Amino acid sequence: VQLQASGGGLVQAGDSLRLSCAASGATARTFSTSTTAWFRQAPGKEREFVAAIGWTGNTYYADSVEGRFSVSRGNPRNYMYLLMNGLKPEDTAVYYCAARSLSGSAYEPRYASWGRGTLVTVSS
């Protein structure tokens, strides 16, 4: 497994969670020097962009999570985190981490590597 997302769970509206993404193998070697991102997919919906961080540290967010979520890199540099504050029921989804954008746009779901996802469930 090249990417592993973890940290999901069942929380109440307004709570916080921190998701982690760990890169290994070949993906780890380029993880910190490429754009890496979080996407999510709710039941019956398409996968959507959540947040991304570029190799320079620039961050990008979906409008729906701007101001509530924060993406960051870890130390060691083969880790990425998503801190989610003020969770809402509509944030319920499987969250995936992705590495090395192939399209040049952080927002498009065209990445070289994908993790298996971690489920976040927010109850009202």
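The values are calculated or read from the model by the stated rules, or taken from the named source; none is laboratory data. Remember, predicted model here, so these are calculated numbers, not experimental data. So basically every Cβ, Gly included, is an ideal-geometry build from the backbone, and we count neighbours across all protein chains shown. For the accessible areas, the whole protein counts, side chains as well, though only heavy atoms, and no ligand, DNA or RNA atoms are used. Shrake-Rupley method; radii C 1.70, N 1.55, O 1.52, S 1.80 Å.
Between LYS88 and ARG116, what is 0.36 nm times their sequence separation minus the Cα-Cα distance? Round to one decimal in nm.
Values: separation 28, 0.36 × 28 = 10.08 nm, distance 2.26 nm.
Here the answer is 7.8 nm.
Give me the distance in nm between label points sitting 7 Å out from Cα along the Cα-to-Cβ direction at LEU10 and SER70, one decimal.
Each label point is offset 7 Å from its Cα along the Cβ direction, giving 2.9 nm.
Whenever you get a sec, compute what percent of the accessible area on the chain sits on carbon and sulfur atoms (1.4 Å probe).
On the way: 2920 of 6260 Å².
It is 47 percent, rounded to a whole number.
Along Cα→Cβ, 7 Å out, is where each label goes; now give me the distance between the ones at ASP63 and SER24 in nm to one decimal.
4.0
Might you tell me the accessible area per residue for the chain, computed with a 1.4 Å probe and given in Å²? Can you show the working numbers first?
Working: 6260 Å² over 124 residues.
Ligands and nucleic acids excluded, the figure is 50 Å² per residue.
Would you kindly state how much longer the chain becomes between THR33 and LEU102 on full extension, computed as 0.36 nm times their sequence separation minus their alpha carbon distance, in nm to one decimal?
Taking THR33 through LEU102 to full extension adds about 23.5 nm, to one decimal.
How big is the chain in terms of Cα radius of gyration and Dmax, in angstroms?
Computed over the Cα atoms of the chain, radius of gyration and Dmax are 13.3, 41 Å.
As a check on your grasp of the helix formula, calculate [θ] at 222 nm for the chain: sum -39500 (n - 2.57) over DSSP H runs of n ≥ 4, divide by the residue count, round to the nearest 500. All intermediate terms of the calculation are to be shown ahead of the outcome.
On the way: 1 runs with 7 residues, N = 124.
It comes out at -1500 deg cm²/dmol, rounded to the nearest 500.
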